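First comes the structure, then the notes that go with it.
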Amino acid sequence: IAIDALIRGGTLDIGAEMRDGASEIVVRASGPKLAFDEDIGHALQGELDPAQLSGRTAPAHMLCLLAEQAGGGLQYQLSPDALVLGAVLPQPDGLIG
């Protein structure tokens, strides 16, 4: 989703960490021009009515459902120079570390 927003190229940064019993994943896309349909962001956050799903928003909706089923959540933040996508998921049992 983030790389599709970089229509004129740019930088994609990915980070992940374990904190307070949760896995946090962040993807940041930055570049000279971003193209991001905020309906996709609303689908990621579970704010899009399922009747409004389309071929562009369905994958984001599916990711939202998977995150919710795991006990976590997704969010996005769009600014003129960056798109930040984040996920927080509970730490699974049996993880080493």
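Name every residue in the range 54-66 that is over 10 Å from the mean Cα position of the chain (by Cα) and buried (at least 16 other Cβ atoms within 10 Å of the Cβ), in order of residue number.
Across the range 54-66, the qualifying residues are Thr57, His61.
Yes/no matrix, rows are residues, columns are (1) surrounded by 12 or more Cβ atoms within 10 Å (Cβ to Cβ); (2) modelled with pLDDT of 95 or more; (3) assigned to a strand (DSSP E or B):
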position: Ser23; (1), (2), (3): yes, no, yes
position: Val26; (1), (2), (3): yes, yes, yes
position: Asp39; (1), (2), (3): yes, yes, no
position: Gly46; (1), (2), (3): yes, yes, no
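Please go through the range 76-97 and give me each residue that is closer than 29 Å to Pro32 by Cβ and surrounded by 13 or more Cβ atoms within 10 Å (Cβ to Cβ), ordered by number.
Within the range 76-97, Tyr76, Leu78, Ala82, Leu83, Val84, Leu85, Gly86, Ala87 meet the criteria.
Pairs under 6 Å by beta carbon, first residue among the small types (Gly, Ala, Ser) in the range 3-14, partner not in a strand (DSSP E or B), six or more apart or different chains?
Ala5/Ala35; Ala5/Phe36; Gly9/Gly31; Gly10/Gly31
Return the total of residues in the range 55-97 being under 14 Å from Leu44 (Cβ atoms), of a type in the set (D, E, K, R) and either touching a residue at least 24 places away in the same chain (Cβ under 8 Å) or not in a helix (DSSP H, G or I) (or both).
Summing the residues that are under 14 Å from Leu44 (Cβ atoms), of a type in the set (D, E, K, R) and either touching a residue at least 24 places away in the same chain (Cβ under 8 Å) or not in a helix (DSSP H, G or I) (or both) in the range 55-97 gives 1.
Among the residues of the range 48-56, are any of a type in the set (A, V, I, L, M) and touching a strand residue (DSSP E or B) at 6+ places or on another chain (Cβ under 8 Å)?
So far as the range 48-56 goes, no, none of its residues is of a type in the set (A, V, I, L, M) and touching a strand residue (DSSP E or B) at 6+ places or on another chain (Cβ under 8 Å).
The values are calculated or read from the model by the stated rules, or taken from the named source; none is laboratory data. These numbers were taken from a predicted model, which means no experiment stands behind them. Here Cβ is always computed from backbone atoms with ideal geometry, including for glycine, and neighbour counts include all displayed protein chains.
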